[in-house]
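In what follows, a single structure is set out as structure tokens and then discussed.
The values are calculated or read from the model by the stated rules, or taken from the named source; none is laboratory data. Quantities reported herein were computed from a predicted structural model and do not represent experimental measurements. Cβ sites come from the backbone with ideal geometry, for glycine too, and all protein chains shown count toward neighbours.
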Amino acid sequence: MKLFISADMEGSTGIIDPSYCNPGANNYERGRRLMTADVNAVVEAALAAGATEIVVADSHHKMNNILIEELHPGATLLCGSPRDHSMMQGLDSTFDAAFFLGYHSRHGMPGVLSHTMSGAIKNMYINGRVVGEFGFNAIYAGHYGVPVCLVSGDDQIAQEAKELIPAISTAVVKTATSRTSAICLPPAASANLLRQATQQALARVREIKPLQVSLPLELTIEFAHTGQAEMAAIIPGASLRPGTTEVTCLVEDPREMYKTMRAMLNLAGTAEFF
Ligand SMILES: [Zn+2]
């Protein structure tokens, strides 16, 4: 049983605002320990439930947040950036299941630190269906026939995940009360919850269908402002929908989708607003 874990930071235990997630901010070192502890609880439980190989992909910001010195020895860590497939780098069809830990709800929705990839993106659509990071990454996993069996984070991402994958196991480590506040489980309690949810998720792997979409797929990204959209539309094959900030592109498969999104995001980042 081979398990892939994509670990983001915003949805980790006790993390409620950017001071925990931005390198150099006053709570960032605490955030790293909290994120690492969540991952360790899941790795420990997954090994006990029969996982034989576990790859953890650090999936936040520059992707070097997890404290390797404190990581459970039963996992390997994919860290650093850039990576062609970013949060999903390293996943292939040899894996039996994927877990998304520390995830958050999509841009414009309630939930702790809700956003989609960066402040430049308002919405992403795959074949017309709006997706956040969870859906985008779950469709990438689906390309390899890998089901996403567990999500951890706040109550809002749990709901977003269930809308796409109704049978997914969820570990709700906090309940959002605004975008930067939540009722949080303390680490010892959330570790218990994460262990239980891992056990349940691994028992249900065969019940969960990989999230697959028809190909070629249409990727549409709605940017925050026109300058960003104009830059993103430079990509060959992409076009800006008149009167909107939406750039749309037909791509071969979810691998190309990921690289296209990253290229658009990087181009959009060069556009000045004021
Ligand atoms: Zn993040």
Which listed residue, of Gly111, Gly90, is under 16 Å from the mean Cα position of the chain (by Cα), at pLDDT 95 or above, at positive phi and crowded, with 20+ Cβ neighbours inside 10 Å: Gly111
Meets criteria (acidic (Asp, Glu) and exposed (fewer than 15 other Cβ atoms within 10 Å of the Cβ)) for Glu133: no
Complete set of residues in the range 145-164 that are surrounded by fewer than 20 Cβ atoms within 10 Å (Cβ to Cβ) and either within 16 Å of the ligand (Cβ to nearest atom) or of a type in the set (Gly, Ala, Ser) (or both): Gly145
Residue ranges of helices (runs of 4 or more DSSP H) in the range 165-274 with at least 1 members touching a residue at least 12 places away in the same chain (Cβ under 8 Å), surrounded by fewer than 21 Cβ atoms within 10 Å (Cβ to Cβ) and of a type in the set (Ser, Thr, Tyr): 226-232
Where Ser19 falls short, out of the listed (1) free of Cβ contacts under 8 Å to residues at least 24 places away in the same chain; (2) under 18 Å from the mean Cα position of the chain (by Cα): (2)
Only one of Ala51, Ala7 that is among the hydrophobic types (A, V, I, L, M, F, W, C), within 18 Å of Pro147 (Cα to Cα) and within 15 Å of the ligand (Cβ to nearest atom): Ala7
